[in-house]
Amino acid sequence: MSLYPSFARPNSLAQASELLAGLSGGSVIIAGGQEIMPYINHGAMQPDIYIDIGGLKELRGISEADGVVSIGALTVHRELQGNAIVAEKLPMLADAASRAGGGRQVHNRATLGGNLVAMHPLYDIAPALLALGAEVELVKAGETRRTSLAALMHETSHGLGSEAILVRVLVPAMAAGTGWAYEKLKLSGGAYGSANAAATVQLDAGRITAATLMIGAVADRIIDAAAAVQGLIGQAWTAAAAEQLELRCPALVKQPLSDQQGSGEWRQAMAGVVARRAMAAAVARAGQK
Amino acid sequence: MADHSTTDDTRYVGQAVRTIEGRAPIVGAARYTNDFVFPGQLYAHIVRSPHAAARIRRIDSSGALKVSGVVRVLDGAEAAAHLKPITHYIDPAVFGGKSAEVRVMAVDDVWCYGQPVAVVVAEDKRTARFAAQRIQIVYDVLEPVLDAEAATAPDAHIVVPGWDSNIMMQAPFRNGDPDAAFAKAAHVVKTSVDIHRFSTQPIETRCYNAVWEHDIEGVTLYATAQNPHPLRHVLSEVLGMPESKIRVHAPVIGGAFGMKMHGHPEEALMCLLAKLTGRPVKWTETREECLLIGAREQRHHMELALDADGVILGLRDRYFANVGAPSACPGWGMAFLTGLTMPGPYAVRDIDVQMTVVITNKPSWNAARGYGKESTALALELAIEDAARQLGMDAAEIRLKNFIRAEQFPYNSPTGLIYDSGDYSGAVLKAMHAIGYEGWKARQAEGPKDGKYIGIGVAFELTPEGGALPGTMVAGYDSSSVRVAPDGSVRILTGVTTPGTGNPTGIAQIVADELGVTMDAIEVTQGDTTTCPYGFGNYSGRSTIVGGGSAALAAQQVRAKVVTVAAALFDVPEADVELHRGVFSVKGQQGRTLTFKEVCYAAYTGAYSVAHGITLPLEATATFKPSNIRHTPDENGRINPYPSYSNAAYVTVCEVDVETGKTKVLAFAAAHDCGRVINPVLVEGQACGAISFGVGGAMFEAIAFDSSGRQLTRSFMDYVMPRSEDLPAVKMVHHDSPNPVTYMGLKGAGEAGVGGSAAAVVNAINNALIPLGVSLNTLPLSAPNVWGAIQAARKRGQREAAE
Ligand SMILES: Cc1cc2nc3c(=O)[nH]c(=O)nc-3n(C[C@H](O)[C@H](O)[C@H](O)COP(=O)(O)OP(=O)(O)OC[C@H]3O[C@@H](n4cnc5c(N)ncnc54)[C@H](O)[C@@H]3O)c2cc1C
């Protein structure tokens, strides 16, 4: 810890990785600073050295190849909202990014990487990416590794933020006709989410052939509601199916968060409401372009 | 927004003039208190108690003193050796209550979470904060009391050692024969209203920078202070130093809302540290610290006695205010005003209101916009809504039936207030018309759509403003100087200050008209005890009433001087001289003109000729003292501390999503009476601000604690104020009844609206939920709370159906 941290701005991923490997603790990666600066200003975090990754070209840009959209970790929320590839191939991600709070100023600086590494249960981008089956590319001590975002979120020693760099996020393009919806329930305009749901669905002749559903902001981890969605496969989306889904989801919330975003009892119930609403909207959208 | 067209464009008053002081903050050029840095500047960090109730066993500062860059460490006991207890802004003892000895930092006993315990002064902020972590404090943690009613239990922990109970003050507000009124009532409606702790959060937090003036052995305090002169007086008492050695300078303020009224420990503490170190010492409040300042938490047990037609015969209220730990700030007085303002706009004579102000281990209150009058409005308006529902009456109709009528003014209220003027029924009807009441009723009658229930809420708020409490520095009068320079430019210096409301512009409009100059000739200086005339600063919607009123009187005196000089220059009788927007002319003689500048220069240089008959310089200081404030008690011991009674009607339409409990405000209208509008933009800005305060408080702003009394709400992530998407455009209509005793009929316009708008929202939500059998008078009506009430009502329904 240092009262006056030093500052380094490497120019390449290799340089950054080398630098991080050579430093023993106390270093912290900074991207847009939207997450970390409030902590530092508040005294909750006292790093020795900031590694500003803003200069790493490898972490920028959005491209598509072989049905996979590759998004640089430094992509800011505004780019996610306005990028043509994202809009066409991953409209749910664009929507989730636009639903994040903080307004324009934050959206212009807040990066995809920073949002994911924060692993904050109330955040919006991870549920959408999880529902889309995203993978991530990390670099640690010069080694590159690829893993699913879902697995990463359960790792305890990924070292992101201090030793490891999140380089890119790789998301399978949404198949044509996929229905999707991101549902966010918050107490007021400026509040973080109290219950969020990201859903995708494929329909064939009115029956659900595949679906994903992630529920965020109700527990300390994002909940994969695959178990609740299972019963929908092969079914039409009927009032009864909707009711079933709404009943099943709260049961997946073992330990609801209970904080100023709402009581645990309410959050648990809302897990069902947002799940049903998201799925209903996804179904309504399915098959449309 | 209202129509801003005005008929009289020869005057600035009444027009939507752009604020003269508005540019600097918008372009980032304003200098706030925190922007001042002086040579040798030091920074203070305050160590605060993590416990709500504790005894301090030991404080070991040695670790902090070892940190390089630390200049001084002080604990409560050492500070107490240098400083007297903080003088109360409003001493409860003056009103028959108990007065605690409030020290700048805890000595032996901790009263609340966040109470200052020690302070570190260092060469920079980070060093001070780092060193503060090295101070070791051993506490004996005690069981706190957090609930007001629980704190009155005989076995409750006593917050202030030596007190016999936690009750700081109890007072009745009684009139007539309430028992008889209840005995003959056809209906008695009981309503409990729980108002939670919510606050006012200025974007600029507090900041004090004390500069030791070696040449005079005195101190200058740069401060986010609403009331520089009275603060100087407090500092002189606490520091034991004459007022003449103290200067308080309050630069541009980024919002105050009452929170920057003084009595805060950090004010005198920074002065002491400057004295001890001989260097400037600054402390800037963090948001977390700012959120410690509470307000408003009250529980009312209301009873209304009504006849068969819905006429209110009597009112009873037992209310408890949880004011937190003792403080020298004027916050507790809010509780007193709640009772004094009963029964608001209603013509009820037989009342029995009992106030109980309770000290608990929550952090202290300070004044907050509304100053207790918002709680009166909430309690009354929610009770009346309940009454309307139980009697099957329309919410508007029951109010119209019970209002004081326009021809009854001036009206002596049952608590001794003298309401100056108003037309309450007219305001309600205007607001209903503005929102399209009948249309919404028709839409509501169509029933819920997609689980969304619509409700309409009506509420009224009476807001006494411009207050003066006897024996305190809450004064009813104020003074201003108008100074005209030889070049004809004008400086107004006022005893009132602005928290960012735009009153300098309003005052300049008044002076421009009275003096006869253009707006661009005027500068306004406020907030400096050494340059400004003695004054009491801003609170209680007073600054335009008394600041504008006194500046008008001073301007009239200066105008008389320049007119005399102009008459001599023109060589015509004074009565023939005209002055408008900086140009003198002679009645009936076209083409003969002189500029204001020419006349002013002639005055300054013509003391033995054209200015022979006047007293130079071209300056005057005047005081405005509203004549209807009465501090001599009447036969019942009552006083009238207020000169003006602003009032407004609020009507809102809310939509409740019954699946989630979430509410959306669909429409909002207000009809506002501030006596006379000097500048509609300023008035509407204030009124809309108050409305968003009320809506935020009613629906989601809340300061929460855990069961051990630790505050959970620590940042804007948890304390969320409304954003534009949370409010529809407010339809604002003016319904002004000029105040007969103030300059131009002014009433306060800065404070009104928090309670009325909050009550309108609560009433609308409850109105929407009538079909579900929900009535929720525990604030805030946040989505989880509304949902919880709906669930409870459903379960109740199921149980009843099963039985
Ligand atoms: C007012 C406000 C409101 C917000 N509301 C929402 C909301 O409603 N929903 C929502 O989802 N989010 C919200 N956010 C969060 C916002 O999206 C994140 O703070 C932001 O995305 C973080 O990105 P950053 O680049 O600023 O991160 P930084 O602050 O720079 O870093 C954050 C963390 O990630 C690490 N890090 C950053 N980039 C990398 C990388 N490439 N590799 C390894 N580690 C890295 C840092 O070390 C640090 O620990 C809000 C933020 C603010 C300020």
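The values are calculated or read from the model by the stated rules, or taken from the named source; none is laboratory data. Just so you know, these numbers come straight off a predicted model, no measurement behind them. Glycine gets a Cβ as well: all are built from the backbone with ideal geometry, and neighbour counts include every protein chain shown.
Among residues of the stretch A:123-152 being in a loop (DSSP other than H, G, I, E, B) and within 14 Å of the ligand (Cβ to nearest atom), the one that is surrounded by the fewest Cβ atoms within 10 Å (Cβ to Cβ) is A:A141. Taken residue by residue, the stretch B:775-787 has at least one member that is farther than 19 Å from B:L378 by Cβ, within 14 Å of chain A (Cβ to nearest Cβ) and either among the hydroxyl-bearing types (S, T, Y) or out of contact with any strand residue (DSSP E or B) (no Cβ under 6 Å at 6 or more places or on another chain) (or both). What residue, of B:G69, B:G63, is on the phi > 0 side of the Ramachandran plot and not assigned by TED's automatic domain parsing to the domain that holds B:I678? Answer to the check: B:G69.
With respect to (1) surrounded by fewer than 24 Cβ atoms within 10 Å (Cβ to Cβ); (2) more than 16 Å from B:T529 (Cα to Cα), the lone exception for B:F198 is condition (1).
Each residue in the stretch A:43-57 was checked for being near the ligand (Cβ under 10 Å from one of its atoms), out of contact with any Lys or Arg (no Cβ under 6 Å at 6 or more places or on another chain) and touching a residue at least 24 places away in the same chain (Cβ under 8 Å), and 6 pass. Taking the criterion of being among the hydroxyl-bearing types (S, T, Y) and surrounded by 16 or more Cβ atoms within 10 Å (Cβ to Cβ), would at least one residue in the stretch A:248-267 satisfy it? Within the stretch A:248-267 (the criterion being among the hydroxyl-bearing types (S, T, Y) and surrounded by 16 or more Cβ atoms within 10 Å (Cβ to Cβ)), the answer is yes, since at least one residue qualifies. Just to verify a result, which residue in the stretch B:693-708, among those that are assigned to a loop (DSSP other than H, G, I, E, B) and surrounded by 21 or more Cβ atoms within 10 Å (Cβ to Cβ), is nearest to the other protein chains (Cβ to nearest Cβ)? The selected residue is B:F700.
Rundown of residues vs (1) touching a strand residue (DSSP E or B) at 6+ places or on another chain (Cβ under 6 Å); (2) without any contact (Cβ under 8 Å) to a residue 60 or more places away in the chain; (3) within 30 Å of B:G694 (Cα to Cα), yes/no style:
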{"site": "B:F198", "(1), (2), (3)": "no, no, yes"}
{"site": "B:I203", "(1), (2), (3)": "no, yes, yes"}
{"site": "B:I216", "(1), (2), (3)": "no, yes, no"}
{"site": "B:G258", "(1), (2), (3)": "no, no, yes"}
{"site": "B:P265", "(1), (2), (3)": "yes, no, yes"}
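One residue stands out among those in the stretch B:709-720 that are within 7 Å of another protein chain (Cβ to nearest Cβ), within 16 Å of the ligand (Cβ to nearest atom) and surrounded by fewer than 21 Cβ atoms within 10 Å (Cβ to Cβ): the one that is nearest to B:G114 (Cα to Cα), which is B:D718. On inspection, B:E659 does not qualify as within 20 Å of the chain's Cα centre (by Cα), surrounded by 19 or more Cβ atoms within 10 Å (Cβ to Cβ) and either within 14 Å of chain A (Cβ to nearest Cβ) or charged (D, E, K, R) (or both). Taking B:K84 as the residue in question, decide whether it is among the basic types (K, R), under 30 Å from B:L340 (Cβ atoms) and within 31 Å of the chain's Cα centre (by Cα). So B:K84 fails the test. For the stretch A:205-214, does any single residue satisfy the condition of being within 16 Å of the ligand (Cβ to nearest atom) and either assigned by TED's automatic domain parsing to the domain that holds A:R267 or surrounded by 13 or more Cβ atoms within 10 Å (Cβ to Cβ) (or both)? Among the residues of the stretch A:205-214, at least one is within 16 Å of the ligand (Cβ to nearest atom) and either assigned by TED's automatic domain parsing to the domain that holds A:R267 or surrounded by 13 or more Cβ atoms within 10 Å (Cβ to Cβ) (or both), which makes the answer yes. Going by the conditions given, is A:Y192 in contact (Cβ under 8 Å) with a residue 24 or more places away in the chain, within 14 Å of chain B (Cβ to nearest Cβ) and at negative phi? Judged against the criteria, A:Y192 is a match.
Within the stretch A:171-197, the set of residues being modelled with pLDDT under 95 and β-branched (V, I, T) is empty. For the stretch B:131-144, check the following and say yes or no: at least one residue is within 14 Å of chain A (Cβ to nearest Cβ), in contact with a Phe, Trp or Tyr (Cβ under 7 Å, 6 or more places away or on another chain) and crowded, with 24+ Cβ neighbours inside 10 Å. Within the stretch B:131-144, none of the residues are within 14 Å of chain A (Cβ to nearest Cβ), in contact with a Phe, Trp or Tyr (Cβ under 7 Å, 6 or more places away or on another chain) and crowded, with 24+ Cβ neighbours inside 10 Å.
A quick yes/no check of all residues on (1) surrounded by fewer than 24 Cβ atoms within 10 Å (Cβ to Cβ); (2) under 17 Å from B:P464 (Cα atoms):
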position: B:K373; (1), (2): no, yes
position: B:R389; (1), (2): yes, no
position: B:E397; (1), (2): yes, no
position: B:F409; (1), (2): yes, yes
position: B:N412; (1), (2): yes, yes
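Just to verify a result, which residue in the stretch A:80-112, among those that are in contact with a helix residue (DSSP H, G or I) (Cβ under 7 Å, 6 or more places away or on another chain), within 11 Å of the ligand (Cβ to nearest atom) and touching a residue at least 60 places away in the same chain (Cβ under 8 Å), is farthest from A:A175 (Cα to Cα)? Here the residue is A:A110. Residues that are of a type in the set (D, E, K, R), more than 8 Å from the ligand (Cβ to nearest atom), outside the structural domain of A:R168 (by TED's automatic domain parsing) and not in a loop (DSSP other than H, G, I, E, B): does the stretch A:60-71 have at least one? There is no residue in the stretch A:60-71 that is of a type in the set (D, E, K, R), more than 8 Å from the ligand (Cβ to nearest atom), outside the structural domain of A:R168 (by TED's automatic domain parsing) and not in a loop (DSSP other than H, G, I, E, B).
Residues in the stretch B:95-123 that are in contact (Cβ under 8 Å) with a residue 60 or more places away in the chain, assigned to a strand (DSSP E or B) and either of a type in the set (D, E) or within 22 Å of B:L142 (Cβ to Cβ) (or both): B:V110, B:P116, B:V117, B:A118.
When B:L429, B:L400 are checked against the criterion of being at pLDDT 95 or above and closer than 22 Å to B:D307 by Cβ, a single residue qualifies: B:L400.
Yes or no: the stretch A:172-181 includes at least one residue that is more than 10 Å from the ligand (Cβ to nearest atom), within 14 Å of chain B (Cβ to nearest Cβ) and farther than 17 Å from A:V69 by Cα. No: zero hits.
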